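Report on the structure given below.
The values are calculated or read from the model by the stated rules, or taken from the named source; none is laboratory data. Remember, it's a predicted structure, so these values are computed and weren't measured experimentally. Quick reminder, even Gly has a Cβ in these numbers, built from the backbone with ideal geometry, and neighbours come from all protein chains shown.
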Amino acid sequence: MRPNTIRPDGAGFRRPTRRVLVAVGAAAALTLTGCGSRLDHAELESTNNAFKRVVDQQSLAAGPAAAGAAGAAGTTGATAAGAGGGATAGPGGGTGAGAALSAGAAPGAAAGSGAGTTGAIRVGPSAGGGAGGGANSAAAAGATAAGKSAAAGTPAAPGAPAAPVPGSGGPKSEILFGSFGAESGVLGAVSGPAPPALRAWSAWINAKGGINGHPVRVILGDDNADPARTLAIVRQMVEQDHVIAFMNDYSFTLSAATKYLEEKQIPDIGSIGGDVAGDHSSMVFHPLVGPDKGQAWGFLLTVAAQTDKKKLGILYCREANTCAVQMNSFKKLLPWNGLEEVYEAQVSLAQPDYTAEMLQAQRAGAEVILVLVDSASAARIAQSAHRQNYNPIFSGTYNLNQDLIFAGAKDLDGLLLTSRTPPWDSSPRMQMYRDAMDRYQPKAYRGDLGGGVFVVGKLIEEKIGPFIGEPPTTAQILQGLYALHDETLGGLLPGVGFIHGEHFTTNQCVVPVKLTGGKFVAHDSAESFVCAPGWKPAA
């Protein structure tokens, strides 16, 4: 079976040229950061809200806000980016005031590749995909406070769907989202670009006037990849902070909270895909490529679309269970399109050298090395191979698709990677992400995991926002999610929708990219999505 390709210009499915490989790389980017504190569930519950640092809400018209009160001495730090703006966080964790953002017009669609089509399905970009209008001032705040967040409203249990309510009258109450994941420890290095992107998006969307006239606040909680901590954070945000939905989790332990989300009927919209459980929960609505079967196909499609090499060697990390899980997910699809595994080894992210593994892979005849490691380890693996005059193609998944990989560009030039969106660093469609990061998080790490936040945010703003009335409720959010059908968001998605039940078939498509001359370059000029054999856009 051959993969499908979806072009953003609406030309439909086409067969990509037959090239090969399997991409992996899941414990991916950023240098390792120091571990945060680890608490059990009871300890977390006993801290009440002391572990959260919340940004005070400011009026959209108030302009820049003063820095706030002293934070509580909590054992874990959760931050909130709110209607008052976004704190600027650099790689070292420092914060500063955000400034005004000029929201530019939406970039135009990229030119088509000129390739033939199969005629199976024609997929066109959705209308109205603009990035926003004129310049607005976003108030910036770095306030911290102990105690409960003064969130407006409580999550409503989904009932009979209500019709979209257009905005009218005076100031509207805020929309309060939660987000959670590993921002510290070893896996905090992997999720690196996601938290600062959430902070930048919150400031950026409020500078545009919010969502359907509502100011927006996003509370972030660091679970340090601890399942008990994940559940405690989620419960607190729902029961005490009264979030009406979660946005773009960056968790590797999402499975600890999915049953609770289903019981409470609180949706989690978007994810970095760090836990395959997200594909199998009725309350996880992930519009980008799914973390289970979708990502497994993504590994193979990325290689097959960009090289004709067939023999694969796999190196995966031992520090995180997700490395082994992801490796096994795509191995189940082999052999496919001539791709076969000839070598496999589990390695440590702390290894200073990988010469032994590279010599073994070379003897096994591996032509493509798939790495499920962080960016620094990927560079050391390539260096170890090159010292032995061994020059295989290297490949990884979208976690390596970030700016930290540029440090090893000399040895990793030609690296094949999956991308969940058009290239975050060069595509006109992703200009909104680059502009917002330049303005609100200029020192923070950037990558696919950050760009994905803005695609999710755009989906919420343009497609879910019209359903949000006064006051905002969870039921309105769910109604908007279930109303999505064959949504392309102007070429940012391959055509998605959500059914009632598990969502593992929502998106099984990626944009294969290659690291070339310090940039991520799409496999074709149209920045087409390449999809799993047999996958079709949601009806």
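When residue 325 is tested against (1) touching a Lys or Arg at 6+ places or on another chain (Cβ under 6 Å); (2) part of a helix (DSSP H, G or I); (3) not polar (S, T, N, Q), only condition (1) is not met.
Apart from one condition, residue 421 fits all of (1) outside any helix (DSSP H, G or I); (2) more than 25 Å from residue 490 (Cα to Cα); the exception is (2). Search segment 528-539 for residues being hydrophobic (A, V, I, L, M, F, W, C) and in contact (Cβ under 8 Å) with a residue 60 or more places away in the chain, and hand back the single one that is surrounded by the most Cβ atoms within 10 Å (Cβ to Cβ). The selected residue is 529.
Of everything in segment 206-242 that is touching a helix residue (DSSP H, G or I) at 6+ places or on another chain (Cβ under 9 Å) and acidic (Asp, Glu), the residue that is surrounded by the most Cβ atoms within 10 Å (Cβ to Cβ) is 223. The sole residue among 384, 375, 329 that is crowded, with 18+ Cβ neighbours inside 10 Å, under 27 Å from residue 193 (Cβ atoms) and modelled with pLDDT of 95 or more is 384.
One residue stands out in segment 427-459 among those that are within 22 Å of residue 299 (Cα to Cα) and not β-branched (Val, Ile, Thr): the one that is farthest from the chain's Cα centre (by Cα), namely 427. Counting only residues that are surrounded by fewer than 20 Cβ atoms within 10 Å (Cβ to Cβ) and part of a helix (DSSP H, G or I), segment 309-322 holds 1 of them.
For segment 477-496, taking the residues that are under 18 Å from residue 282 (Cβ atoms) and outside any loop (DSSP other than H, G, I, E, B), the one that is farthest from the chain's Cα centre (by Cα) is identified as 479. Just a yes or no: is a residue in segment 299-308 more than 29 Å from residue 193 (Cβ to Cβ), surrounded by fewer than 21 Cβ atoms within 10 Å (Cβ to Cβ) and acidic (Asp, Glu)? Checked against the condition, which is being more than 29 Å from residue 193 (Cβ to Cβ), surrounded by fewer than 21 Cβ atoms within 10 Å (Cβ to Cβ) and acidic (Asp, Glu), segment 299-308 yields at least one hit.
Pairing each residue of segment 498-527 that is touching a residue at least 40 places away in the same chain (Cβ under 8 Å) and farther than 30 Å from residue 478 by Cα with any residue that is charged (D, E, K, R) and loosely packed, with under 15 Cβ neighbours inside 10 Å, provided the two are 6+ apart or on different chains, yields C-beta distances under 8 Å for 515/413; 516/413; 517/413. Of the residues making up segment 468-488, not one is under 28 Å from residue 303 (Cβ atoms) and either surrounded by 23 or more Cβ atoms within 10 Å (Cβ to Cβ) or of a type in the set (Lys, Arg) (or both). Number of residues in segment 163-189 that are touching a Phe, Trp or Tyr at 6+ places or on another chain (Cβ under 8 Å) and either buried (at least 24 other Cβ atoms within 10 Å of the Cβ) or modelled with pLDDT of 95 or more (or both): the value is 8.
Of the listed requirements (1) in a loop (DSSP other than H, G, I, E, B); (2) of a type in the set (A, V, I, L, M); (3) closer than 16 Å to residue 382 by Cα, residue 359 misses just one: (1). The listed residues are 271, 281, and the only one of them that is of a type in the set (Ser, Thr, Tyr) and surrounded by 24 or more Cβ atoms within 10 Å (Cβ to Cβ) turns out to be 271.
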